Amino acid sequence: MIRSVRQLASVVALAALLSACASAPEPVAATPPVEQPPSDQAMKALSAEVFTFGYPLVLMDVTREVMTARVPANTFSHKRVFPDASFADVVSPNADTLYSTAWLDLSKEPVVMSVPDTAGRYYVMQMLDAWSNVFAAPGKRTTGTKRGAFAIVGPDWEGTLPKGVREIRAPTDMVWVIGRIQTNGKPDYGNVHRLQDQFRLVPLSAWRKGTRSLPPAAPRATLVDTETPPVEQVAAMDAQAYFSRLAALLQGNPPSPDDDAMVDRMLRMGIRPGEPFKTTVLEPSTARAVQEGATAALAAIAANSRKSVAGSTGWRVSRDGGAYGMDYARRAAVAMFGLGANLPEDAIYPTARADATGRPFEGNGRYVMHFEKGQLPPVKAFWSLTMYNDKQAFVGNDLQRYTIGSRDRLRYNRDGSLDIYIQYERPPANQMANWLPAPPDSFNLMMRAYWPDQVLLDGKWMPPPVQRVN
């Protein structure tokens, strides 16, 4: 009896166990904790970081919009003369090279750029991606001066190119080509114009059909503001307009793989490619934090652009233009005050605002820049010294001379050294060939060293100090 009860109990227990197993609900996966939105203080910091990160992309797009309102995309715009003292379109204008520029749209297909034989003349066709990084620079330094054809292809393009066409893969669909051709003064204009007319852009599909040039496209009617400088247009955007534009641009112009941390920050802030960013859906205090972060970032970019330390000779030299890696603050600062900067391998631009003693340049002063024999700027192309007033514009003078350098007929001293005379008053006749006219008030100087030697790139050569002699 006892055994039977035990057996029954065992059977009941087993049945209960089986019943429980059959009727028990499936295990429920643990619900991940809901990520809390950033605090207002954290959102302000995110906004400032993301604003700085995206600044070159937004500025590049506004610049593209302004320039293509005058000259359509995939079309060269050729500057035929040097700027003069009335020129105010950009700061620190250049009187060394004539420019040939174009904005490329690679979203539909590659664009083929054909270049002429320049017969040894220095030129560079610098190419910037949408983030303002220089990713290629065809020209005398890298590809020589013979005739050639290059297909600039977008990041996602796949295919084969015609024979004789070299591929240049762009990281983004938006590309800015800034071509510079050495021009040896106004008498050289005609020679350079003939070369400019042989730099051409055609879609790959047209190139395959044998087309090597297209008729100029007419600008389309647009409501784009072509009068306000792009830097000012970006500065006038509120946070919602700025970050919405950034989000729209991310689709065709993705960040680099090295930028993953910033991509995470954008997602945390609520910025997603192709989706408008709306501050109106945020809490009022959070929306204010986003705006405050953007405003603070803009001010910091402006401040960073003015930070530079003069060397022992009074010259400031930057050697990190054109390629910035993850130094987003530096990239944004260069974009604000020098969008389109060359790689240092193509050009370095030392600047000076004071003489050898640290005293700012004055129009009533007389200055001499003395190069010892064998100590001229070490370059493979050419060099120049340019005068600017306190607005970074050319200075009007009777000679219409705004720059002086290796392309000029300079007068050397008997020992092979060279003196450049920098002053407002007209110097004696024996110094005229080496005179760089200054304004009657404050001024600053910029040296341009094209295709610098390694000693300049390494910082082992610096421009000599500018000495005041009165």
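Bear in mind that the values in this text are calculations on the coordinates, not laboratory data. What you are looking at is a predicted structure, and each value in this text was computed from that prediction instead of being measured. Positions of Cβ are backbone-derived with ideal geometry, glycine not excepted, and every protein chain shown enters the neighbour counts.
Of the beta bridges DSSP finds with both residues in the chain, what % are antiparallel, to the nearest 5?
Values: 55 of 62 bridges.
In the chain, approximately 90 percent of DSSP beta bridges are antiparallel ones.
The Rg/Rh ratio for segment 212-255, using Cα coordinates for both the radius of gyration and the Kirkwood hydrodynamic radius, is 1.12. With neighbour counts taken as other beta-carbon atoms within 10 Å, the residues F87, F243 rank, fewest first, as F87, F243.
In the chain, which helices (entire DSSP H runs) extend 24 Å or more along their own long axis, judged by Cα positions, while averaging at least -0.5 on the Kyte-Doolittle scale?
Details: long enough: 2-23 (31 Å, 1.36); 40-68 (39 Å, 0.44); 284-305 (32 Å, 0.40).
Span-like helices, by this rule, are 2-23, 40-68, 284-305.
Separation of segment 90-137 and segment 153-215, taken as the distance between their Cα centroids, equals 8 angstrom.
Over segment 169-275, the reciprocal of the mean inverse Cα-Cα separation, the Kirkwood hydrodynamic radius, stands at 18.5 Å. At 20 °C and a viscosity of 1.002 mPa s, what translational diffusion coefficient does Stokes-Einstein give for the chain, taking Rh as the Kirkwood radius over Cα pairs? Give it in µm²/s as a whole number. The calculation lands on 83 µm²/s. Considering helices alone, the calculated mean residue ellipticity of the chain at 222 nm is -8500 deg cm²/dmol, with DSSP H runs of length four and up weighted by -39500 (n - 2.57) and normalised per residue. Normalised Debye scattering of segment 328-468 at q = 0.18, 0.20 Å⁻¹ gives log10 I(q)/I(0) of -1.13, -1.35, counting only Cα atoms as equal scatterers and leaving out solvent. Mean separation of Cα pairs under 8 Å and 6 or more residues apart, divided by the residue count, gives the chain a relative contact order of 17 percent.
Provide, as a two-decimal number, the C-alpha radius of gyration of segment 70-208 over 2.2 N^0.38 Å, N being how many residues it has. Rounded to two decimals, the normalised Rg is 1.05.
For the residue pairs K391/K460; K108/K146; K140/K380; K79/K186; K79/K108, alpha carbon separations beyond 21 Å are given by K391/K460; K108/K146; K79/K108.
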